[in-house]
Amino acid sequence: RDVNDTALSLSVIIPTLNEAASIADVVNAVRRQNSACEILVVDGGSTDDTADHASRAGARILHSAPGRGQQLATGAAAATGEILFFLHADTKLPDGALPALIAACHARPDAAGGNFRLLFDGGTAFDDWLNGFYARIRARGRYYGDSGIFVRRGAYQRLGGIRPIALMEEYDFIRRMEKAGPTLCIDEPPLLTSSRKFNGRHPFAIVAGWIWIHALWHLGVAPDLLARIYYGKRKKG
């Protein structure tokens, strides 16, 4: 169902880096569900044809310095919609997701924003564990950008927006949003995200790395240093 007849305008912000193989499908999935929404693809320095493919699919192309925090902040600053929806390029938007988002925001005008239930597409035992783990931490107000964060423009501005930091930019933002008032978690349909980031890495090392990075974050370690530690561990893995 198209949601053009609703009063809430929507901006979908998609950060990209070398996503030429899939970005057109992502943009088309958004457009099928809401032909009037604004789609902003914010490229962080791709060396392939990501921007060209996204443009031909109907997205507005923005360019920013590398780093998802910078890309999201750039997209939000340029967006015009009343609802900002941050969608990762490796996350699939199932049919019905945008109507569900708009309906949820209409039903709960007191909610600043929220996210979707998330599933991983790898089909492994670790993916199954992650599906349950993400549900458990969401019940405690913890979630991440691959679950499709959305926020009302006014709330985004009041909260100071997404900071253009090197790591933990979405976690930093949702912690502020959760403290500001009620949020929504759209259970149906769930988003489906790629497990490619886990390829070649042992599940224990992945989880241990997450715990270590979160501990350092809460101890006040600078995001630039966290990024060097995190991406260094991923490369070694």
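Structure summary
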| read-out | value |
| --- | --- |
| The lone exception for Arg163 - which of (1) in contact (Cβ under 8 Å) with a residue 60 or more places away in the chain; (2) open to solvent by 70 Å² or more (accessible area, probe 1.4 Å); (3) part of a helix (DSSP H, G or I) it fails | (3) |
| Meets criteria (without any contact (Cβ under 8 Å) to a residue 60 or more places away in the chain, closer than 24 Å to Ser9 by Cα and hydrophobic (A, V, I, L, M, F, W, C)) for Ala57 | yes |
| Ala107, sole failed condition from (1) of a type in the set (A, V, I, L, M, F, W, C); (2) in contact (Cβ under 8 Å) with a residue 24 or more places away in the chain; (3) open to solvent by 10 Å² or more (accessible area, probe 1.4 Å) | (2) |
| Subset of the range 48-77 (residues that are over 21 Å from Tyr156 (Cα atoms) and in a helix (DSSP H, G or I)) | Thr50, Ala51, Asp52, His53, Ala54, Ser55, Arg56, Ala57 |
| Hits in the range 99-134 (condition: under 17 Å from the mean Cα position of the chain (by Cα) and not in a helix (DSSP H, G or I)) | Ala112, Gly113, Gly114, Asn115, Phe116, Arg117, Leu118, Leu119, Phe120, Asp121 |
| Residue, nearest to Val151 (Cα to Cα), within the range 191-228, restricted to residues that are touching a helix residue (DSSP H, G or I) at 6+ places or on another chain (Cβ under 9 Å) and either among the acidic types (Asp, Glu) or part of a strand (DSSP E or B) (or both) | Leu191 |
| The range 135-160 - residue that is in a loop (DSSP other than H, G, I, E, B) and either free of Cβ contacts under 8 Å to residues at least 12 places away in the same chain or touching an Asp or Glu at 6+ places or on another chain (Cβ under 9 Å) (or both) and, of those, nearest to Pro15 (Cα to Cα) | Tyr144 |
| Those residues of the range 189-201 which are open to solvent by 30 Å² or more (accessible area, probe 1.4 Å) and touching a Phe, Trp or Tyr at 6+ places or on another chain (Cβ under 9 Å), in sequence order | Leu192 |
| Gly132 being on the phi > 0 side of the Ramachandran plot, open to solvent by 20 Å² or more (accessible area, probe 1.4 Å) and free of Cβ contacts under 8 Å to residues at least 40 places away in the same chain | no |
| Residue in the range 29-47 that is open to solvent by 20 Å² or more (accessible area, probe 1.4 Å), more than 17 Å from Leu98 (Cα to Cα), in contact with a strand residue (DSSP E or B) (Cβ under 7 Å, 6 or more places away or on another chain) and assigned to a loop (DSSP other than H, G, I, E, B) present | yes |
| Residue check for Arg196: over 28 Å from Pro109 (Cβ atoms), in contact (Cβ under 8 Å) with a residue 40 or more places away in the chain and among the basic types (Lys, Arg) | yes |
| Residue check for Gly237: small (Gly, Ala, Ser), modelled with pLDDT under 95 and surrounded by 10 or more Cβ atoms within 10 Å (Cβ to Cβ) | yes |
| Options Tyr171, Tyr230, Tyr144; residue that is more than 21 Å from Gly122 (Cβ to Cβ) and either among the hydrophobic types (A, V, I, L, M, F, W, C) or surrounded by 15 or more Cβ atoms within 10 Å (Cβ to Cβ) (or both) | Tyr171 |
| Ile213 being of a type outside the set (D, E, K, R), open to solvent by less than 30 Å² (accessible area, probe 1.4 Å) and under 16 Å from the mean Cα position of the chain (by Cα) | no |
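The values are calculated or read from the model by the stated rules, or taken from the named source; none is laboratory data. Everything numeric in this text was worked out from a predicted model, so none of it was measured. Cβ coordinates were reconstructed from backbone atoms using ideal geometry, including for glycine residues, and neighbour counts include every protein chain displayed. The accessibility values were calculated without ligands, DNA or RNA, using every heavy atom of the protein model including side chains. Shrake-Rupley method; radii C 1.70, N 1.55, O 1.52, S 1.80 Å.
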